[in-house]
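K.L.:
Got a structure for you, questions after.
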Amino acid sequence: MGISAVKYLLVFVVSVLLQVLFCNNILIARVIAPFIYILFIVLLPFDTPRSLLLFLSLALGLTIDVFTNTPGVHASACLIIGFLRPVILNLITSRETLESVAAPRVKTMGFHWFVTYTIFMVVIHHFFLFFIEAFTFEGFLLTLLRIVLSSVLSIALILLSQYLIFRK
């Protein structure tokens, strides 16, 4: 197992532990809940094969589902962003950039690009997660409020991680 694989395994474990031990215990005003664990999918290298990306997304979601007793909710939301990640990357990045840079980081891609990318990934994840969790359009506005506010907090935590954890 190479150094890179060990590094991403560590990111997987740390993101799951942060989510399960810390973030799952945060609920602000019974509406806002941070989901930091998707940081793992966000930070995977650009050249990750699609099948591996989907497998890792499923494994991450199922791991969170096991710890939170939410059968399939997080797994399906992670699979959606794992499936859409290449599409999002192609929308906001040129092919030359994707080939010349190893992985998405603020340091390598720039703040504006990373924020745009993170917003896409987090909002899609949260939209799918909260509507699957509610499984109804009753309380639609409350669900939208939860999506927006939780997305803002999750994006802020992901950006903060770039400056606290992934700095050299």
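The values are calculated or read from the model by the stated rules, or taken from the named source; none is laboratory data. Everything numeric here is computed off the predicted structure, so don't read it as measured data. FYI the Cβ positions are ideal-geometry reconstructions off the backbone, even for glycines, and counts take in every protein chain you see.
K.L.:
Residue by residue through the stretch 14-41, note down the ones that are surrounded by fewer than 21 Cβ atoms within 10 Å (Cβ to Cβ) and either at pLDDT 95 or above or part of a helix (DSSP H, G or I) (or both).
P.N.:
Residues satisfying the conditions are V14, V16, L17, L18, V20, L21, F22, C23, N24, N25.
K.L.:
Of the residues in the stretch 79-110, how many are modelled with pLDDT of 85 or more, of a type outside the set (G, A, S) and not in a helix (DSSP H, G or I)?
P.N.:
Residues flagged as modelled with pLDDT of 85 or more, of a type outside the set (G, A, S) and not in a helix (DSSP H, G or I) within the stretch 79-110 amount to 3.
K.L.:
Any idea how many residues of the stretch 54-75 are small (G, A, S), buried (at least 18 other Cβ atoms within 10 Å of the Cβ) and out of contact with any His (no Cβ under 9 Å at 6 or more places or on another chain)?
P.N.:
Matching residues across the stretch 54-75 total 2.
K.L.:
In this structure, is S94 among the hydroxyl-bearing types (S, T, Y) and farther than 16 Å from I41 by Cβ?
P.N.:
For S94, the condition - among the hydroxyl-bearing types (S, T, Y) and farther than 16 Å from I41 by Cβ - is met.
K.L.:
Could we say that A5 is in a helix (DSSP H, G or I) and over 17 Å from the mean Cα position of the chain (by Cα) here?
P.N.:
yes
K.L.:
Separate question: Against the condition aromatic (F, W, Y), out of contact with any Cys (no Cβ under 8 Å at 6 or more places or on another chain) and crowded, with 18+ Cβ neighbours inside 10 Å, how does F114 come out, does it pass? Reasoning before the result, please.
P.N.:
Working: aromatic (F, W, Y): yes; out of contact with any Cys (no Cβ under 8 Å at 6 or more places or on another chain): yes; crowded, with 18+ Cβ neighbours inside 10 Å: yes.
Yes: the conditions hold for F114.
K.L.:
Quickly run through the stretch 139-168 and pick out the residues that are assigned to a helix (DSSP H, G or I), more than 21 Å from I41 (Cα to Cα) and free of Cβ contacts under 8 Å to residues at least 12 places away in the same chain.
P.N.:
Hits for the stretch 139-168 are F140, L141, L144.
K.L.:
Additional query: Quick test for you: out of S76, S51, S57, pick the one residue that is over 19 Å from F114 (Cβ atoms), among the polar types (S, T, N, Q), assigned to a helix (DSSP H, G or I) and over 17 Å from the mean Cα position of the chain (by Cα).
P.N.:
Only one candidate passes the filter, namely S51.
K.L.:
Something else about it: Is there a residue being in a loop (DSSP other than H, G, I, E, B) and in contact (Cβ under 8 Å) with a residue 12 or more places away in the chain anywhere in the stretch 62-71?
P.N.:
For the stretch 62-71, residues in a loop (DSSP other than H, G, I, E, B) and in contact (Cβ under 8 Å) with a residue 12 or more places away in the chain: present.
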